Structures are given as structure tokens and as C-alpha cells.
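Every number in this text was worked out from the coordinates using simple rules, so none of it is lab data. In this text, all values refer to a predicted model and were calculated from it rather than measured experimentally. All Cβ positions, glycine included, derive from the backbone under ideal geometry; neighbour counts span all protein chains shown.
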Amino acid sequence: MKRFLLSVLCSCLLLPLCGPAVAADVIMCVGDSITAGYGVTAPYPSQLQSMVGGKATVVNKGLNGEMTTGGLSRLNGYMLEVKPQYVLILEGANDAIFGVAFSTVKFNLAKMIDTVRFYKATPILSTLPPNTRDPGINAYIPGYNKAIFDLGASMGVTVVDSYSALATNWAGLTSDGLHPNDEGARLIADGFYRVLPYASSGDGGGGGGGCFIATAAFGSQLEPQVQLLRQFRDRILLPHSLGQRFVELYYTWSPPVAEHIARHGWLRGLVRLCLYPLIGLAWCLLHLHPAVLIGGTLGLGLLLTLLGRRRPLVAHPS
Amino acid sequence: MTQKTIPWRTLLRLLALACCVLLQGHPAAAAATGFQGPRDMVWSASDGHNQRIYFSTFLNGSWSAPVRVTGDNGDHYLPCIDRAADGTRHLVWAGYDEYGQTIQHATLANGKWSAAERLPALPATSSAPFVTVDDRGRVFVVFIGNDGEDDDIYWSRLENGTWSESRRVHADNDTPDINPYVEITDTNTVVVTWQGYRGDRYLTLQSVWGGDRWQPETVADGADGQAEDEREARSETPAESLPDFVTDKRQVFTRIHGQ
């Protein structure tokens, strides 16, 4: 029995190497005219497509004038139509213009996150760009962005800070004070690209951490192993209440442990070794069809068990 | 009880839109889009320093020169106007200034605009006001109010020169209520319509003024609320038929009189 269990574990580690080729991911961008591309030749989803290349297909579902209420109403249909793995949400600028408070924006975005997770996709939020076209409203944008950050922290969702990326040179990055120009759109795309799992480690940046121990063990949250565990958290654990409770608990006790690990080289190596089975399991759960997963695991486990039985027969023929 | 007010408005809008499409490009298009009667238009536009509220009225086939109604240091958005039976105009808008987000009001009587006043005893933040005046000259204003938790629909009434205290239209709840508008129906009933999150979605909700309080909310025809559509429905003039002096067509409200 022990040998069988060991074999199953080994098969989890080996399956990623022999699993079927995975189709390119689909990234869906939802939002208002900033996403739709008002006033630009290349909206940020188009620029993101250039960045990810053939690794994913980017679908632009931006709609001019959309508020979070409309985004929420339409999202379910989009999820069924597009079937994305990632949903990038940059929405709320029109809510601010039309007097809808950030508490409502936060409420609607939370419902959108729930919807995205219901379909086992990963939501990624963005802060709102500045709005110097409407100075009275612009003063309130930081309040909306704080609500978005708070939401990301409470629901374990990566938040891309487009505001900070644009604000320092907003005059040169906007076409009318509200909408980014092509260069502004490129910066928004770049922010999203950096937190998606297609960026190479040399691209710098990164965000949406939370995998404290893995980050400490592998040295950077941009390491593919860390990004894979982050996807595992977002797509496997967080859609379920039990998983959410586990993640909350993990966030409570893991930072000091991670700090200790990061300070000791030998411990980092040991933790890396210990994490590999989990990484293998995470890969399988994320990339394999459940039937393939069960069949492959049992089959490989059985094979390894049989191979394990043969050896003593050869070694001790008598 | 469900109030069936939307089809009448929709019918008028469709008629106006059809006229507009037929007459597009014609010099007389603006005057001939089904609005030969008097109407008022208010809009928000920047004067280079602040966002101001402007007013113009359409009479005898042309729009009057725009009049700037607000001139303080605040920024003003989302204007809405209605006219009492004696011709007095009541204009409300959302003011963003050192007092925060408030609802402000001004009247036009005998060709002169009054000073702007803030509605008293507002929630912590208030925005998106809508106004209607009944046949007794009572001014009903509804708006989004927020006291630190969820957005709710509030109302206040100006009667005999005194504003009532702002109160919530609907029962207290833990979900957002947004995008209100108030109107007088053909049966002279005051009805508030808005979008509220109930159950697992936004619904279009309505409440009827019962004389001393708002009746419990009901789900309006069409059920699912699309905030943008409702927002657009507030303005009764298609953007393409607006006069050239309205350079910023994003926040324009027109009110047709005599319907």
C-alpha cells in the first residue's frame, strides 16, 4: 500500500512532463471605453495580445459608457460565450462620473469576481486611471482605487495599479483627460502582462503575490513555480469557501515563516524540495481534464507498483 | 402595483429618433425633430476653470443663448430641470466642492436665476439628482445618497419655500440602489424609478408617492435593470440634434413641456 501511494505521488510529479499539449489560454478584458479603445488606434487588449503572442488569445469586451452595474449584468453571458481563463477588469470610471459611490463599485466588482471564479477563471483587477477631464470627480478617484485595493486584498485578487503607472505623466498619456492614448494603453497592457503567467522573469515587475513561502523559497514571485501556485490558489482554492478559509489562514501565519525561510539558504533549498510535489499536483489540477487526471494517476501508479513488485523477484529468484 | 410609465416615454423617444434620422443633415433638423413646443435644456461644461451648469430654452423654433447658472469655485455635474405650472424653472445638480458631494438647487423666475442653494440635511455624499414638479407646484427631488455604507435612493420636497428633510425612498437594505428618476404619470401620480440589487441581480424598481410617504418598492416592467439605458433615457433629446453651442454633450438634460 505504501508503495502504491508513493507511486501515485511520483506519477503526480511525472505527469506534467508527459501530459497532453495544452490549448492557448483565453484572456477576456471587460470594462468601459478605456478597454473598448475610445480615441486610440490600439486599445490595451490589442497591445496585450502583442505582448502574450501565441500563448493566449485576448478578447476585448469593453463597452463605451459601461458602468460596473452593466458590467456585472453582462458578465455571465460573456463567461459562457468566451470561456476565458483570465478576466481582466478595469471598470468604475463611469460610475464615478455618474455619482455612483465607490462602495457600490466595490460591491459590483466583488460580484464580478464571484462570477469569474464560478467559472473557474482568474479575475485580475485594475485601479482606475486619473480623470483630469472632470476635475471635481478626479479628486474622488483615489477613493475608488483604495476600494479596489481593499477588495483585492480581501478576496485574494491581484490588483494592477494602472493609476500609478499613468498618473506621473498623465498629460502625455491621455487623449482627453479621461481616456489613455496609445502609449497610455500600452502601459495598462504592460501592467496586466506583468502579472499574467506569460511574462518572462526578466520582465521585472510582478504583483498579486500572496504565495509568501513559495516566493521566499524560489526567490521571486515571478518564478514559474510561484506563478503556478498562485494560479492554483486563484482557480482551485479561492472559488470554494473551504479554500478561502485555508488561504486566509495561510496569509495569517505564513509571512513570518517566509521571512525566516528567506534568511536561510539551506532552508530555502529544503522548502523548494518539499514544494515540488504540491507544484506537480497544482499543475495537474490546473491543466488536465479530471478524467485524464484520475485515469493517468491511477494508471501510472499501478504501473509503478507493478514495476516495484518485479524487482524483488529478479533479485531473489529462489 | 407596477406602474406602466415606460412605454409612453419610449414611444415618444422612438418618434423623435425616427424624425431625427429622416431629417439628418437638414438645416431645420434641430427644430423639426418633433419638439416644436417649448423645452428647456441644461448641461454641464467647463469654462476653463470649473465645470459649470448652463441653461437654454427652445422657443419659436430656436434655442436661446446659453446662460451660465453656476459661478462659484465648485464643479457641477448631472443637471436636471423641470417647470412649474406658473413657469418657474427648478434646476438641480450635483455639486463637488469644499462641502463634498451635495445636491444644489436654483430657480428661474421672471427671467432671473436665483442663487444656488444646497439642499439641507443631506447624507454624507449625494449625487445624480432628478427633479419633477407636480401640478400644485411641489418640487420632488430624488438622488443617490450614501451615509458611509451602500448607495440608497433619497428624496426631498420643496413646498411653500421649505425643503423637507432628506429621507430614503425605500426600506433600509445592504445592497446598492442607484440611478433614480422621478416623474408624474398620466394619472398625476408621482413615481420614483431606480435600479436596485435584489436577490442576485439588479432590478428596475419603482415606488409611488402615497401622499405622506413612499409606497413599498415594486419591480417594474422589464425586470432586469441596465443602468446605462436608464441613464440615457433621462434626456429626451437625441445628442445629434443638440445645438452647436453645446460643445460637451456628455451631460445634457432636456425637458419638453406641455406633454
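Convex hull volume per residue, computed on the Cα atoms of region A:241-303, equals 109 Å³. Cβ-Cβ distance of B:F245 and A:A24, R₀ of 56 Å, FRET efficiency by 1/(1 + (r/R0)^6): the value works out to about 0.60. Is region A:209-287 rounded, prolate or oblate when judged by the Cα gyration tensor, a ≥ b ≥ c being the square roots of its eigenvalues, rounded requiring a/c under 1.5 and prolate requiring a/b larger than b/c? Oblate, since a/c reaches 1.5 and b/c is not below a/b. Measuring how big region A:88-171 is from its alpha-carbon positions, Rg and Dmax come out at 12.7, 39 Å.
Only lysine pairs 8 or more places apart, or on different chains, with alpha-carbon atoms under 22 angstrom apart are counted in region A:25-203, and they number 12. Taking the Cα centre of each part, how many Å lie between region B:188-220 and region A:42-84? Here the answer is 33 Å between Cα centres.
The mean number of partner chain beta-carbon atoms within 10 angstrom of a residue's beta-carbon across peptide B:197-203 is 3.
At R0 = 25 Å, how high is the FRET efficiency between A:E183 and A:T57 if r is their beta carbon distance? Nearest 0.05 is fine. Efficiency computed from Cβ-Cβ geometry: 0.55. Between B:E117 and A:L80, the FRET efficiency from the beta-carbon distance, with R0 = 60 Å, is close to 0.75.
Label positions at B:R168 and A:L302, each projected 7 Å from the Cα along the C-beta direction, are separated by 6.2 nm. Peptides A:141-151, B:148-158, A:169-179 ordered by packing proxy, namely the average of other Cβ atoms within 10 Å per residue, highest first: B:148-158, A:141-151, A:169-179.
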